[in-house]
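Asker: I have a structure I would like to understand better, so I am pasting it below and will then ask my questions one at a time.
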Amino acid sequence: MAEPYDAIVLAGGSARRLGGVDKVALVVAGRSLLDRVLAAVADADRVVAVGPARTTAAPVTWTLEEPPGGGPVAALAAGLLLTQAPVVAVLAADLPFLDAATLRVLRDALGSRDGALLVDADNRDQLLVGVWRATSLRAALPEAADGARLGAVLAALDAVRVRVEGHPWFDCDTDDALAEARRLGPASP
């Protein structure tokens, strides 16, 4: 059985490629992108969302990165301050196909490693779809997280790469990706 876990959902960013809209509020299959991700982590002990507070269908603890707009490493650092579980899921808030089953696979794959990271169909690491040991993440964070590259931080950790059926790593960063997600119409988690 997988260890208890908390979830950090990165829900900030400027959505420049989507014209600056509130990306995580965009709707796919009747639910906002953020609510779809929150449904996937419904079994987490605690869910911390990093970004401007919004109304959500599930309870969330909100926080902001320091400095505001400091990027994903700064957001991860802010989220980690509010987690307590030994394992932490680190997720983007714009993943319409993410589900609880994928998170279970990642948590089961963790074993004694620092992390379990999803890879896409082209075998690319999906840095914002992973499960990590909280102590390992904290140790890997640079003192100055503002502007640090997430890939460089996570590269220092021993992570198993996991591939699953479907495309739970698919994110909605562009109008075309959003249209594709809506066309594919994921089932409600």
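The values are calculated or read from the model by the stated rules, or taken from the named source; none is laboratory data. The model shown is predicted, which means the values in this text are computed figures rather than measured ones. So basically every Cβ, Gly included, is an ideal-geometry build from the backbone, and we count neighbours across all protein chains shown.
Asker: Return yes when residue 137 is surrounded by 21 or more Cβ atoms within 10 Å (Cβ to Cβ) and assigned to a helix (DSSP H, G or I) and no when it is not.
Answerer: yes
Asker: Quick one: would you say residue 102 is closer than 25 Å to residue 36 by Cα, in contact with a Pro (Cβ under 8 Å, 6 or more places away or on another chain), assigned to a helix (DSSP H, G or I) and at pLDDT 95 or above?
Answerer: yes
Asker: Look at residue 178 and say whether it is crowded, with 21+ Cβ neighbours inside 10 Å and under 15 Å from residue 27 (Cα atoms).
Answerer: The answer is yes for residue 178.
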